[in-house]
1. Please report, in cubic angstrom per residue, the volume enclosed by the convex hull of the alpha-carbon atoms of segment A:136-222.
2. Once each part is reduced to its C-alpha centroid, what is the distance from segment A:15-56 to segment A:351-417 in angstrom?
3. Run the numbers for A:T351 and A:N472: contour at 0.36 nm per residue of separation, minus the present Cα-Cα distance, in nm.
4. Mind jotting down the distance between the C-alpha centroids of segment A:267-297 and segment A:583-642, whole Å?
5. Plugging the Kirkwood radius over Cα pairs into Stokes-Einstein for segment A:338-466, at a temperature of 25 °C and a viscosity of 0.890 mPa s, what D comes out in µm²/s?
6. Enumerate the calculated ³J(HN,Hα) couplings along segment A:495-512 in order (Karplus 6.51 cos²θ - 1.76 cosθ + 1.60, θ = phi - 60°), each rounded to whole Hz, writing x wherever the residue is Gly or Pro.
7. If amide H atoms are built 1.01 Å from N in the plane of the peptide, which residues on other chains or at least 5 residues away come under 5 Å of the amide H of A:A230?
8. Can you compute the FRET efficiency between A:E601 and A:D510 using 1/(1 + (r/R0)^6), with r the Cβ-Cβ distance and R0 = 45 Å? Round to the nearest 0.05.
Amino acid sequence: MLDPKFLKPYDAQSSEGRIYSTWENSGYCNPDNLPHNRTEPFSIVLPPPNVTGTLHMGSALMLALEDMIVRYKRMQGFKTLWIPGTDSAAIATQARVEKNIQNAEGKSRYDLGREELLRRIDVYVESTKNIIIGQMRATGASLDWSRYAYTMDAERYSAVMHAFIKMYEAGLIYRGNRIVNWDPKGQTTISDDEIVYEERDAMLYTFTYGKEFPIPIATTRPETKVGDVAVAVHPSDERYAEYVGNVYDAVFCDVPIRITVVADHTVDREFGTGAVGVTPAHSLADWDIADRHNLQRPQVINEYAKMTVEGRLHGKKTTVAREEVVAWLRSEGLLITEEKIKHNVATAERTGGIIEPLPKLQWFVAVNKEFTRPDGTVDTLKEVMRRAVDSGKTTFLTERFEKQYRHWVENLRDWCISRQIWFGHRIPVWYQGDASKVQVTSPGEGWSQDEDVLDTWFSSGLWTMTTLGWPNDTEDLRTYHPTALIETGYDILSFWVARMILMSGFFLNDVPFKTVYFHGIVRDGQGRKISKSLGNNIDPVDLAAKYGMDAVRIALIMGMAPGTDSKVDENKIRGYKNFANKIWNIARFVLENTEGTDLTETHVFSAEDQEDLAALSRTVLDVTKHMDEYRVDLAADRAYHYVWHTFADEVIERAKPILKGTDAVAQRATAAKLYTILTTSLKLLHPFMPFVTEEIWLALPQKDAELLLIAPWPKSAIQ
RNA sequence: GGGCGAUUAGCUCAGUUGGUAGAGCAGCGCUUUUACACAGCGAAGGUCACAGGUUCGAGUCCUGUAUCGCCCACCA
């Protein structure tokens, strides 16, 4: 008897939760439970969504894409593992909890103290994490929840500590004064990605340091010039060649300075006067010049953006000092020109404060420093990152991102890994006076731990390893690392992918993944990036309630080539809801007309039947090929068109008169053919639309697996 | 400023080694035929941004132009 559920249109809402539980309870998302003694592994580690967040379209796309690939591989017989996790999102989470406490109790983090704040954050995370986890389940993601990891759980925490100590022991982590982005307003350093550049009007002043000084230079920040130690010119600039190597003394606005003329290839001959006043302590580029020419690095501005030099500028704010210096230059007759220019000013995203580049004691990972591996070979981290791609061990699915990656690696400088917040992996270094010890626990009375925590990308870089049990030599790590694929948004290229390659390259001397798949950014109907500040977030879970998650999933990936952006269009989703119903009705028709057909008997297929089965075979071949190349969009498109426009519109329509006719042999053959095409189609569609296909599969009278989740992927008769 | 892309039907986008252009949605006409109106059938719609070049042949390769966008650097 036909299951009465087919008498009504497909109702996604009543199916999805139940179907997901069926999958989860089956245990098959854990590769240890998969049938048929599988040996060849296929693994993906999910880029962990923010633990306190809600699912947005970007994560829904990521989950859908990865689930499609994972389901395909699982059906193909791979020992398939997909590890779920959540990310602590340190800066964002701490900021939110601080804000909540400020609003509710009027207290700052300093009122609470470090320990109490961290306790509050844990409580908050614990109370919100089920939202995101529930939403991840709602997408149908066939994740192995038994291996769930959180970036701040005990296992991951101790792995991160281990990593820090090992890299320190290898001489790759050091503490040093470097120019950092200091936010005088927030009294903290901030990372490059938290900087917002604002275009503002500025005055470009051209002047010389003193009457005897032969080379004019230009600046928008005259007050920093009291910290100058050199003037840099291009090595092949004839205008200044005769001065290179000369040293000049001057008293600049009450401050004695000594300027050496140096030749440096980074200088742009065309800009300004073609000569740069080098202020090592207050400009990143100048710091590097000072590095190359062994120059002093006097600091003239402090953490409050006030001048520290003696004389008339002492204690003044930089903006006030600027006026003062300009007035002095003018009165001394040293000012040559003033020119109004447009100028990008770096400001802090969170506080709006103007970034002051300052030298500060920070922890760094040295990317160009040589280290020796246990086997005696010498390597550098930058070389590791280069080699991963050059060797072909890691390949980028989209070529242009490989170029971008190489470009990024070539320009990489030492990586500043300390952050001045409280929530995160705290730097395992202890101080007592001038002594320091690098270890996880306190060396004893009188020692105090470094206040800073690690950059979130330090721990994220270890993610493929720590989720598999590293630093322990686990069965999982041996089996599933390197992972097959990393799949993430291309906006995260430099931050994450490169750091994972770095970490795996250092610790395991291997790549973290074989293929890098970047999906595009999901934009709103107007092509804008989805963001909280625009308030244009469309909740994929809401859309799924309306159209079904299958429709949302396939709409997100259809037509989305790797690396290209897409827009969320509700009409598109509605179209695929109709498709889900189409599949439903195809199943109803086939099941109604094939009841009692024995598929084990040998049928006499007509020429037309054989052609229909050949078309099915070609479809299997194409979908398989596309999936093997991770072209999920093309695979889904092929399956979709076959099922709707060949199977439904042609094969079924032609079958109707035969099924109503009197030729019993042809009837049985037709029924068998339809049933074969139905079951194969369900398999082809299952990665993309898992819920509706599984719901139908459960009602099938004859099948080769209890669940479509683990049904064998069809083989094409055509090779 | 350096690097990298995009420009194809009204809208959103595919088009995998060069061989007479495709889908979804919207729109038009017809059809309520027991799988499905969340449907079917049919028609329409594009000098593939522009200008050159290579080729028997270019949406596809090369050069240039225009517009839009992304990444990096931030500029003295």
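1. Dividing the Cα hull volume of segment A:136-222 by its residues yields 272 Å³.
2. Using only Cα atoms to place each centre, the spacing works out to 33 Å.
3. 39.4 nm
4. When both Cα centres are located, 68 Å separates them.
5. Roughly 132 µm²/s, to the nearest whole number.
6. Couplings: 4, 9, 4, 5, 5, 5, 4, 4, 5, 5, x, 6, 7, 10, 6, 8, 7, x Hz.
7. Result for A:A230 returns A:T260, A:V278.
8. In this case the efficiency is close to 0.30.
Read-outs: derived from the displayed coordinates by stated rules, not from any lab. Keep in mind the model is a prediction, meaning the values are calculated, not measured. Every residue, glycine among them, receives a Cβ derived from its backbone with ideal geometry; neighbour counts consider all protein chains shown.
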